[in-house]
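A short write-up of the structure that comes next.
The values are calculated or read from the model by the stated rules, or taken from the named source; none is laboratory data. Everything numeric here is computed off the predicted structure, so don't read it as measured data. Heads up, the Cβs are rebuilt from the backbone with ideal geometry, glycines too, and the neighbour counts pull from every protein chain shown. Quick note on the areas: whole protein, heavy atoms, side chains included, nothing else; ligands and nucleic acids left out. Shrake-Rupley method; radii C 1.70, N 1.55, O 1.52, S 1.80 Å.
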Amino acid sequence: MNVDLHLHSVFSDGSCTPEELAGLAAEAGLAAAVLTDHDTVQGLPRMLEACRRRGLATMAGIELSCTWKDKSIHILGYGMDWEAPSFQSTLEGWQKDRDERYDIITEKLRARGYPLSTELLHREFPGAVLTRAHIAVYMAEHGMAPDKDTVFRTLIGKGCPCYAPRKPVTPEAAISFLLDHGGIPVFAHPILTRMSGPQLEEFTGYLAGLGLAGIEGFYSGYTPVQEALVAGLAETYGLILTGGSDFHGTAKPSISVGTGKGGLHVPYSCFRALEQKQTRSF
């Protein structure tokens with residue numbers, strides 16, 4: 001009875017539709033699957049329906065991209081009232097900030113001879129919340145670069161000539177936003193923050209004080225030592241453990257739904273813990 005609580009679709013930076021994700025989850029023999037697109041819930045209605053048809057347990061999900069002291073921090077949200085007008089309007093505001101960022105990045109790219117614009121990217125990836133990955137994929141697929149990694153490394157990565165920072169959403173704001181809408185805030189892939197052990201413990205305690213409810217203890221690429229570290233943090237701060245593959249499809253071809261890089265097993269107890277905390281049913 002395994003689950004995958006961290007999946008991305010074409011509505012953010014994944015390559016699969018929600019229906020395809022549900023199909024892959026069913027083929028993998030999973031009991032539950034949750035869509036957690038970056039900063040959007042546009043694919044959620046389709047995922048909820050696709051999981052229902054497949055007999056998969058599911059709930060509302062999202063992954064909020066945050067910045068804290070120049071570090072990229074991601075906060076997962078589960079079970080929130082995603083249909084509330086205030087929830088939708090806040091996401092729209094953050095989307096506007098994103099588009100302003102990509103206006104700057106594409107302007108810098110045009111100055112270097114690359115024919116790009118935010119409008120063109122929206123046409124190429126209809127309905128998606130734009131990320132730098134969309135720029136990299138577009139440029140690679142249209143012969144402007146040998147591959148997307150080169151685009152990041154030479155043009156749009158941090159410190160590169162066409163990079164532009166995004167208007168930061170803080171972890172404090174993300175957690176408050178989720179709690180205000182009945183959501184369950186979870187610290188996504190904490191190991192990827194590359195904090196030292198003491199720093200990670202201090203930061204997790206800080207987030208717990210803000211209302212953090214969970215931490216991602218099972219994740220693609222975690223070692224047993226890292227899993228034990230996160231489990232210890234969960235016990236220390238009274239957090240539930242969640243887990244998922246962070247599947248993106250072709251953007252991360254080494255990661256599969258349910259099994260991650262091959263050895264991932266997220267127990268059903270993780271989904272059950274979220275169910276016990278959520279205030280809404282689907």
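Numbers for the structure displayed
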{"item": "The range 35-101: C-alpha gyration tensor shape, a/c 1.5 cut-off, then a/b vs b/c", "result": "prolate"}
{"item": "Options Thr17, Cys162, Thr204, ranked by Cα towards positive dipole end of the chain, top entry (Cβ charges)", "result": "Cys162"}
{"item": "The range 177-245: relative contact order as a whole-number percent, Cα under 8 Å and 6+ apart", "result": "35"}
{"item": "Gain upon complete extension [Gln88, Glu201; 0.36 nm per residue less C-alpha separation]", "result": "37.4 nm"}
{"item": "Degrees separating the helix 85-111 axis from the principal Cα axis of the chain, which is the longest one", "result": "30"}
{"item": "Hull shadow area, averaged, the chain [alpha-carbon convex hull, nm²]", "result": "13.9"}
{"item": "Those trypsin sites (Lys or Arg not before Pro) in the range 45-98 that DSSP places in a loop and that have at most 12 other beta carbons within 10 Å", "result": "Lys69"}
{"item": "Carbon plus sulfur fraction of accessible area for the range 156-282, probe 1.4 Å, in percent", "result": "55"}
{"item": "On Cα atoms only, tilt of 18-27 relative to the major axis of the chain in degrees", "result": "50"}
{"item": "Sparse-neighbour loop sites [trypsin sites (Lys or Arg not before Pro); the range 142-198; at most 13 other C-beta within 10 Å; DSSP]", "result": "Lys158, Arg194"}
{"item": "Extension gain (nm, one decimal) between Ala228 and Gln95, 0.36 nm per residue minus Cα-Cα", "result": "44.3 nm"}
{"item": "Average accessible surface area per residue within the range 68-171, 1.4 Å rolling probe, Å²", "result": "50"}
{"item": "Within a Gaussian network of the chain (alpha carbon springs, distance under 10 Å), most fluctuating of Gly159, Gly232, Gly211", "result": "Gly159"}
{"item": "FRET efficiency estimate (nearest 0.05) - Cβ-Cβ, Arg123 to Glu172, R0 25 angstrom", "result": "0.10"}
{"item": "Out-of-range pairs (alpha-carbon distance over 24 Å; input Lys71/Lys167; Lys71/Lys277; Lys69/Lys158; Lys108/Lys261; Lys167/Lys261; Lys69/Lys252)", "result": "Lys71/Lys277; Lys108/Lys261; Lys167/Lys261; Lys69/Lys252"}
{"item": "Relative contact order, percent, the range 203-281 [alpha-carbon distance under 8 Å, six or more residues apart]", "result": "28"}
{"item": "Distance between the range 23-75 and the range 231-273 - C-alpha centres, whole angstrom", "result": "12"}
{"item": "Per residue Cα convex hull volume in Å³ - calculated over the range 121-229", "result": "156"}
{"item": "Among Leu192, Cys51, Val257 - extreme Cα towards positive end, dipole of the chain, charges at beta-carbon", "result": "Leu192"}
{"item": "Dipole magnitude (debye, nearest 20) for the chain, charges at Cβ of Lys, Arg, Asp, Glu", "result": "420"}
{"item": "Mean separation of Cα contacts under 8 Å (6+ apart) over length of the chain, as relative contact order %", "result": "24"}
